[in-house]
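As structure tokens, the structure follows; a few thoughts come after it.
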Amino acid sequence: MGNPKAFLTIPRQEAGYRPIHDRIADFGEVEQTLNTGERKLQASRCMDCGVPFCHWACPLGNRPPEFQDALFRGKWREAYEILTRTNDFPEFTGRVCPALCEKSCVLKLSMDAPVTIREDEAAIIEAAFREGYVVPRTYPRNGHSVSVIGSGPAGLAAANSLNRLGYAVTVYERMEMVGGLLRFGIPNFKLHKPIIDRRIRVMEAEGIAFKTNSEIDLTSLPEGFDAYCVCTGTPQARDLAIPGRDLKGIHFALEMLAQQNRVLAGQTFSREERVTARGRHVLVIGGGDTGSDCIGTSWRQGAASVTQIEIMPKPPVGDNPATPWPQWPVVLKTSSSHEEGCTRRWSLSSTRFIGHGGRVAGVEVEEVEWLPAADGGRPVMQPTGRKEVIQTDLVLLAMGFLRAELPALPPNAFVAGDAASGASLVVRCIASGRKAAADIDKYIRSRQEK
Ligand SMILES: Cc1cc2nc3c(=O)[nH]c(=O)nc-3n(C[C@H](O)[C@H](O)[C@H](O)COP(=O)(O)OP(=O)(O)OC[C@H]3O[C@@H](n4cnc5c(N)ncnc54)[C@H](O)[C@@H]3O)c2cc1C
Ligand code: SF4
């Protein structure tokens, strides 16, 4: 720790977002960056606590105090090496991680101003690419091969770890490009897609084979591999089976988000195929992160208005005694997309879609109350009978994803990422992919010893 009192004199400084009027005119990344001097000052705020809760909160077990110290001392390569010991892809987490670590930082508890761990992480990896520290390496081969099915963050992390352990790795991806939801879910304004391509080029140069447009039947895995890592995600979105669901203008969030990312990658769609908010009064059903991404995308496509509704009650603003430090605080979250403008409403259940000429024209909603359960469990929803109609001509369903149902798999097949846990976070999927790789290594070694 270079400066033990920096946290007392240097305030937390976030790089912030580009101004709204500027950013909603394009799909470029919204987040800005600090200059090198300011970044080092931010790193100096880390107190190197005796018990660093940030390690505990980060699913990867990242070691922020160690890389902050190197960063403060201007040792960028050292910071990069510390960071990448635990995190394969800081360029993804540095952009899209909700920073579980920052919520458990002691400076969050003491002054509500945690160290800017996520941004520092992004700065370190970007400097590493810029300075040429990230170069393809060769790893001795061990004579075994593993197939990874699915190329989202879990599959990429598993492939990376296995390749470094000496396995010949083939990644199968059913889509035309690799990246999973990094590529065809998360909007470009949060994660610029050349960032994925840059990493894939390194992985390919290190020997990993990627086979796109290759859907694998999980009941008959490709032959010739010693083990398999199934990282197929949670492809099935939760539907809203209420009257009027078959009207035109009602789409799953990913129909719009994935298509928009494809359009930005140069693909074209006919007028009938295109899901666009241009000139539309958009209603997003679902108050989570996917819904928030629909809001930002709708504005950039030229929406006339955007409303987001959620069936659960409005979370507390600021602190929530039910989730005290160092836990993840369940509180109201305002994303960059929310800042861009949106009517947000809570405790509304959708009861039917109303059509006009075959297209959705409104959604009838009913206010609900959430009563404490007698057994102390999940609160019980109580309809109030207070109904109204929200006018809309484009509905986006962002109500989460169903848990994946996988067929029975052989003992040499391991499951990782969202396919194993249900819909989650990029950081958790990278951690899960790394763990699956370690389990596969252990499995193959144990069979060799027999
Ligand atoms: C809109 C949206 C925004 C999000 N934003 C964030 C965020 O800001 N921060 C964050 O941390 N998390 C975010 N998430 C969650 C995060 O993207 C996921 O948790 C993560 O991508 C899951 O990783 P995965 O590798 O398990 O699966 P996925 O990323 O879903 O990848 C699975 C891959 O497997 C492929 N596949 C499936 N079946 C087969 C098969 N049979 N054969 C071959 N390939 C197959 C799929 O095509 C896909 O490419 C977001 C999710 C969504 C939907
Ligand atoms: S990956 Fe996320 S939780 Fe872990 S240190 Fe980075 S920002 Fe924090």
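Here, each number is a calculation from the coordinates, and none is a lab measurement. Fair warning: this is a prediction, and the values are worked out from it, not measured in the lab. Note: ideal-geometry Cβ built from the backbone for every residue, glycine included; neighbour counts use all protein chains shown.
Treating the beta-carbon of each Lys and Arg as +1 and of each Asp and Glu as -1, no other charges, what is the dipole magnitude of the chain about its Cα centre, to the nearest 20 debye?
For this selection, approximately 400 debye.
May I ask which residue of 444, 321, 425 lies farthest towards the positive end of the charge dipole of the stretch 298-450, with charges of +1 (Lys, Arg) and -1 (Asp, Glu) on Cβ and the Cα centre as origin?
444
Considering Cα pairs under 8 angstrom that are at least six residues apart, work out the relative contact order of the stretch 309-396 and quote it in whole percent.
It comes to 24 percent, rounded to a whole number.
With viscosity set to 0.692 mPa s and temperature to 37 °C, compute the Stokes-Einstein D of the stretch 6-131, Rh being the Kirkwood radius across alpha carbon pairs; µm²/s, no decimals.
Value of D from the Cα-based Kirkwood radius: 223 µm²/s.
When ranked by the protection proxy of mean other Cβ atoms within 10 Å per residue, highest first, what sequence do the peptides 50-58, 9-17, 147-155 form?
147-155, 50-58, 9-17
Report the number of Lys pairs in the stretch 298-450 whose alpha-carbons are under 26 Å apart, with separation of 8 or more residues or on distinct chains.
Pairs that pass both the separation and distance tests number 4.
Counting only C-alpha contacts under 8 Å and six or more residues apart, can you give the relative contact order of the stretch 250-397 as a whole percent?
26 percent.
Whole-Hz Karplus ³J(HN,Hα) for the stretch 154-162, in order, using 6.51 cos²θ - 1.76 cosθ + 1.60 and θ = phi - 60°, x for Gly and Pro?
Ordered by residue, 3J(HN,Hα) equals 5, x, 5, 5, 4, 4, 4, 5, 5 Hz.
Given the stretch 156-302 reduced to its alpha-carbon atoms as identical point scatterers, what log10 I(q)/I(0) does the Debye formula return at q = 0.20 Å⁻¹?
-1.29
Using a 7 Å offset from the Cα along the Cα-to-Cβ direction at both residue 110 and residue 322, what is the distance between the two label points in nm, to one decimal?
3.1
Using a ≥ b ≥ c from the Cα gyration tensor of the stretch 185-238 (square roots of the eigenvalues), is it rounded, prolate or oblate, where a/c under 1.5 gives rounded and otherwise the larger of a/b and b/c decides, a/b for prolate?
oblate
If packing is taken as the mean number of other Cβ atoms within 10 Å per residue, what is the order of 65-71, 255-261, 404-410, highest first?
Sorting 65-71, 255-261, 404-410 by mean packing, highest first, produces 65-71, 255-261, 404-410.
Any idea how far the Cα center of the stretch 294-317 sits from the one of the stretch 185-264, in Å?
The two parts, judged by their Cα centres, are 24 Å apart.
Just want to confirm a number: the relative contact order over the chain, from Cα pairs under 8 angstrom separated by 6+ residues, in percent.
17
Using only DSSP helix segments of four residues or longer, with each worth -39500 (n - 2.57), what per-residue ellipticity at 222 nm results for the chain after dividing by its residue count and rounding to 500?
Roughly -10000 deg cm²/dmol at 222 nm, from the helical runs in the chain.
Principal axis lengths of the stretch 250-397 from Cα atoms, whole Å, largest first?
Ordered largest first, the stretch 250-397 gives principal extents of 53, 38, 23 Å.
From the phi angles alone, apply the Karplus equation (6.51, -1.76, 1.60; θ = phi - 60°) to the stretch 117-130 and give each ³J(HN,Hα) in whole Hz, x where the residue is Gly or Pro.
Ordered by residue, 3J(HN,Hα) equals 4, 4, 5, 5, 4, 4, 5, 5, 6, 5, 4, 5, 5, 4 Hz.
What is the gain in length, in nm to one decimal, between residue 239 and residue 205 on full extension, counting 0.36 nm per residue of separation less the C-alpha to C-alpha distance?
8.1 nm
Which ³J(HN,Hα) values, rounded to whole Hz and listed in residue order, are derived for the stretch 321-333 from phi using the Karplus coefficients 6.51, -1.76 and 1.60 in 6.51 cos²θ - 1.76 cosθ + 1.60 with θ = phi - 60°, glycine and proline given as x?
x, 6, 10, x, 3, x, 6, 5, x, 7, 9, 4, 10
Arranged from highest to lowest average of other beta-carbon atoms within 10 Å per residue, in what order do the peptides 38-46, 296-304 appear?
Put in order of decreasing packing, that is 38-46, 296-304.
According to the Cα gyration tensor, what semi-axes, each the square root of 5 times an eigenvalue, does the equivalent ellipsoid of the chain have, listed from largest to smallest in whole Å?
36, 30, 22
Just to be sure I understand: if I project the alpha-carbon convex hull of the stretch 84-133 onto a plane and average over all orientations, what area do I get in nm²?
For the stretch 84-133, averaging the hull's shadow over all directions gives 3.7 nm².
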